[in-house]
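Participant: The structure under discussion is supplied below as structure tokens; questions concerning it will follow.
Derivation of every value follows stated rules applied to the coordinates shown; laboratory data play no part. None of the values given here were measured: they were computed from a predicted structure. Here Cβ is always computed from backbone atoms with ideal geometry, including for glycine, and neighbour counts include all displayed protein chains.
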Amino acid sequence: MVEKAEEDVRQYLGKHPNSADAHYMLGFVLFREIQGRADQNKDETKNADSAMPYVRFTTDKAKASLAEYTEGAKYRTPSYLDLKIVALDYVLLEDYPDADKWLSRSLAWNPQDADSWYDLGRIKYYEASFPEALSAFGRCLELDSKNVKAEDNLGMTYAKLGRANEAISAFQNAIVWQTGLQERNPQPFIDLGSLLIDQNRPQEAIAYLVQATKIAPGNGKAHELLDKAQSLVK
């Protein structure tokens with residue numbers, strides 16, 4: 001009920017405009033509205049035309065969220081959680097240097113947050129700071145030893161560094177860790193298939209990419225890579 005939450009917080013701010021807690025709460029609510037809209041619009045964002053309204057919505061809400069955190073900081077020092085949301089707003093705006101700055105500060109205050117280490121790894125990856133990305137994903141896995149997304153991203157980072165064997169091992173770990181789960185993440189299958197194609201091993205890639213298409217039938221990348229692997233085998 002994030003829209004109702006926004007309405008209530010704005011009413012409170014009308015009477016208490018200097019409330020740091022209220023500004024921080026409104027910033028968080030606006031961020032949650034972006035997350036909620038993303039969940040509702042997954043199918044609508046598959047092509048550029050339908051994606052544009054969502055992109056505008058995300059940009060506007062992220063900027064508004066940041067404005068509330070900036071206002072709240074006038075009255076009280078933000079917490080590590082406040083800084084984490086600020087960083088994620090900057091990620092949504094594709095401003096990775098600022099995202100890096102604020103998430104690093106958040107982690108300095110709360111280094112036990114596995115999700116934040118994962119997010120920092122993604123930021124470092126986008127910044128092409130691959131050794132630092134490896135370190136961040138490693139810290140995430142120290143705190144959450146079977147984090148599939150972190151292990152998959154570890155593999156992607158190894159691949160960027162030209163360390164193919166370590167990348168393959170990481171992708172395989174991320175796949176094995178999902179054995180028996182009802183809902184599986186197709187990304188490690190896709191990433192491993194892609195790397196095997198790059199290594200001129202399309203026959204091996206096919207098995208992983210077939211699994212990816214079964215897990216996520218609507219994933220265009222999985223089908224594209226599967227077609228490529230099959231064409232190379234013929």
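Participant: Quick one: grab the alpha carbon gyration tensor of region 90-142, order the square roots of its eigenvalues as a ≥ b ≥ c, and give me rounded if a/c is under 1.5, else prolate or oblate depending on whether a/b is larger than b/c.
Facilitator: oblate
Participant: At 7 Å along the Cα-to-beta-carbon direction for both D98 and Y126, put a label point, then send me their distance in nm to one decimal.
Facilitator: 1.2
Participant: OK, next. Report the charge-dipole magnitude of the chain in Debye, nearest 20, computed about the Cα centre from +1 at each Lys and Arg Cβ and -1 at each Asp and Glu Cβ.
Facilitator: In debye, rounded to 20, the chain gives about 280.
Participant: Let me ask something else. What number, in percent, do you get for the relative contact order of the chain if the mean sequence gap of Cα pairs under 8 Å and at least 6 apart is divided by its residue count?
Facilitator: So the answer I get is 10 percent.
Participant: Which angle between 0 and 90 degrees, to the nearest 10, do you get for helix 2-15 versus the longest principal axis of the chain when only C-alpha atoms count?
Facilitator: For helix 2-15, the angle is close to 30 degrees.
Participant: Apply 1/(1 + (r/R0)^6) to the Cβ-Cβ distance of N200 and S135, taking R0 = 41 Å, and write down the FRET efficiency to the nearest 0.05.
Facilitator: Efficiency for this residue pair is about 0.85.
Participant: With contacts defined as alpha carbon pairs under 8 Å and 6 or more residues apart, what's the relative contact order of region 1-97 in percent? All intermediate terms of the calculation are to be shown ahead of the outcome.
Facilitator: Numbers: 87 pairs, mean separation 32.0, N = 97.
Worked out over region 1-97, it gives 33 percent.
Participant: Here's a follow-up. If you project the alpha carbons of region 67-180 onto the principal axes, what extent comes out on each, in Å, largest first?
Facilitator: Result for region 67-180: principal-axis Cα extents of 51, 28, 21 Å.
Participant: Select one label from (1) 53, 46, 33; (2) 47, 37, 33; (3) 70, 38, 31: the one whose number is Cα extents along the principal axes in Å as derived from the coordinates shown.
Facilitator: This structure yields the entry labelled (3).
Participant: Taking R0 as 41 Å, what's the FRET efficiency between V210 and K74 from their Cβ-Cβ distance, rounded to 0.05?
Facilitator: Numbers: r = 56 Å, r/R0 = 1.36.
Using R0 = 41 Å, I get an efficiency of 0.15.
Participant: Hey, with R₀ at 41 Å, roughly what FRET efficiency would V233 and S145 work out to, going by the Cβ-Cβ distance, to 0.05?
Facilitator: Details: r = 36 Å, r/R0 = 0.88.
Efficiency, rounded to the nearest 0.05: 0.70.
Participant: Let me ask something additional. How many nm separate the modelled label positions at K4 and S169, each set 7 Å beyond the Cα in the direction of the Cβ?
Facilitator: About 5.2 nm separates the two model spin labels.
Participant: Another question about this same structure. To the nearest 10 degrees, how steeply does helix 187-198 sit against the main Cα axis of the chain, on a 0 to 90 scale?
Facilitator: 50
Participant: Can you tell me the 0 to 90 degree angle between the C-alpha axis of helix 114-126 and the longest principal axis of the chain, rounded to 10?
Facilitator: So the inclination is approximately 70 degrees.
Participant: Now a separate question. Which entries in the list K146/K228; K149/K228; K124/K160; K61/K149; K63/K124 go over 20 Å, if you measure between the two C-alpha atoms of each? Spell out each step's value before the answer.
Facilitator: Details: K146/K228 31 Å; K149/K228 25 Å; K124/K160 12 Å; K61/K149 26 Å; K63/K124 22 Å.
Exceeds cut-off: K146/K228; K149/K228; K61/K149; K63/K124.
Participant: If you find the alpha carbon centre of region 131-157 and of region 176-234, how far apart are they in angstrom?
Facilitator: 21
Participant: A further question on this structure: Which value at 222 nm does the chain reach when only helices count, each DSSP H run of 4 or more adding -39,500 (n - 2.57), with the total divided by all residues and rounded to the nearest 500 deg cm²/dmol? Present the calculation step by step, with values, prior to reporting the outcome.
Facilitator: Values: 12 runs with 180 residues, N = 234.
Mean residue ellipticity, 222 nm, calculated: -25000 deg cm²/dmol.
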